[in-house]
Each structure stands twice: as C-alpha cells, then as structure tokens.
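**Q** This is the structure I want to talk about, given as structure tokens.
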Amino acid sequence: QVQLVESGGGLVQAGGSLRLSCLASRKIFSLDAMGWYRQAPGKQRELVASITSDGSTNFADSVKGRFAVSTDIAKNTVYLQMNSLKPEDTAVYYCNALLRPFVSWGQGTQVTVSS
C-alpha cells in the first residue's frame, strides 16, 4: 500500500486561494490514480478531483473552474490548487491513492473558508 501525507490546509477568507500537497511513499507514476476528497461536518465524504496515471482529470461540478489538480513526479507529490474559495468549501480534505486492488488514504488536512 501507499502512505500519504497531506499538508497545506488552513484558514482563508472567501475568494482566497490555498494549495494542498499530498506526498506519497512510492513513485506516483506507478499508481493507477490519485484523488482529493473532502468531508464537511455532518456530510458524506465526496470526490473533489482526481487524476489518473495517463493524466486524465475529473472534478466535482462544485469546483470546476476553481480547482486544479497536478502532479510532480520527481517529488512524488500531488497538488490541489484551490482558487476563489467559498465558505462551502470548508471541510477536511483527504488525499487518496488507487493501486488496484488497494485504496490508501491520508490523515486529512483542515480547510476553513471564512465569509
């Protein structure tokens, strides 16, 4: 399996930006896909963005045009660039890695957007 460590969360005002990082314990090009999920209080965990081994990306409708996902293969890191943040983006954000048949999760990083 893969160990994942997220960083970059914090408190930001509405309209601001944050970049989350997810450091993987193995070469990310060897993974089938990586993704970012989030879970707000009282809500289910939801997919925010994903990127596959061939570079295909997918975004939740609520973040399209505001968030971007990218990788740095040399650093074994996946990033989530979040722009034009809204209070409803407040959640714990989790990094996820798929190496079939296994799915690994990071510990999560809190993002709080104030109005």
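The values are calculated or read from the model by the stated rules, or taken from the named source; none is laboratory data. Values in this document were obtained by computation on a predicted structure and should not be read as measured data. Please note: Cβ atoms are built from the backbone with ideal geometry, for glycine as well, and neighbour counts cover all protein chains shown. Surface areas here come from the heavy atoms of the whole protein model, side chains and all, with no ligands, DNA or RNA. Shrake-Rupley method; radii C 1.70, N 1.55, O 1.52, S 1.80 Å.
**Q** Hey, any hits in the stretch 55-66 for a residue that's more than 26 Å from Ser115 (Cβ to Cβ) and among the hydroxyl-bearing types (Ser, Thr, Tyr)?
**A** So far as the stretch 55-66 goes, yes, one or more of its residues are more than 26 Å from Ser115 (Cβ to Cβ) and among the hydroxyl-bearing types (Ser, Thr, Tyr).
**Q** Just to verify a result, which residue in the stretch 84-114, among those that are part of a loop (DSSP other than H, G, I, E, B) and open to solvent by 30 Å² or more (accessible area, probe 1.4 Å), is nearest to Gly9 (Cα to Cα)?
**A** Thr90
**Q** Take Gln81 and tell me if it is in contact (Cβ under 8 Å) with a residue 12 or more places away in the chain, part of a loop (DSSP other than H, G, I, E, B) and not basic (Lys, Arg). Walk me through it before giving the result.
**A** Working: in contact (Cβ under 8 Å) with a residue 12 or more places away in the chain: yes; part of a loop (DSSP other than H, G, I, E, B): no; not basic (Lys, Arg): yes.
So Gln81 fails the test.
**Q** Among what's in the stretch 1-59 and is acidic (Asp, Glu) and part of a loop (DSSP other than H, G, I, E, B), pick the residue that is surrounded by the fewest Cβ atoms within 10 Å (Cβ to Cβ). Talk me through it step by step, then tell me what you get.
**A** The first filter runs over the stretch 1-59 and keeps only residues acidic (Asp, Glu), leaving 6, 32, 46, 54.
Next, only the ones that are part of a loop (DSSP other than H, G, I, E, B) stay: 32, 54.
Values: Asp32: 14, Asp54: 7.
This residue is Asp54.
**Q** Additional query: Only one residue in Val92, Val2, Val63, Val69 is over 13 Å from the mean Cα position of the chain (by Cα) and hydrophobic (A, V, I, L, M, F, W, C), so which one is that?
**A** Val2
**Q** Are any residues in the stretch 10-32 under 18 Å from Lys75 (Cβ atoms) and hydrophobic (A, V, I, L, M, F, W, C), and if so, which ones?
**A** Leu20, Cys22, Leu23, Ala24, Ile28, Phe29, Leu31, listed by residue number.
**Q** From Ala74, Ala68, grab the single residue that is without any contact (Cβ under 8 Å) to a residue 24 or more places away in the chain and in a helix (DSSP H, G or I).
**A** Among Ala74, Ala68, only Ala74 is without any contact (Cβ under 8 Å) to a residue 24 or more places away in the chain and in a helix (DSSP H, G or I).
**Q** Could you check the stretch 63-83 and list, in sequence order, the residues that are of a type in the set (Gly, Ala, Ser) and either open to solvent by 60 Å² or more (accessible area, probe 1.4 Å) or under 16 Å from Ser7 (Cβ atoms) (or both)? Outline the logic, then answer.
**A** Of all residues in the stretch 63-83, those of a type in the set (Gly, Ala, Ser) come to 65, 68, 70, 74.
Scanning the stretch 63-83 gives Gly65, Ser70, Ala74.
**Q** Follow-up. Any residue in the stretch 6-18 that is under 23 Å from Trp105 (Cβ atoms) and of a type in the set (D, E, K, R) sitting within a Cβ distance under 9 Å of a residue that is part of a loop (DSSP other than H, G, I, E, B) and open to solvent by 50 Å² or more (accessible area, probe 1.4 Å)? List the pairs, counting only those 6 or more apart or interchain.
**A** These pairs meet every condition: Glu6/Gln107.
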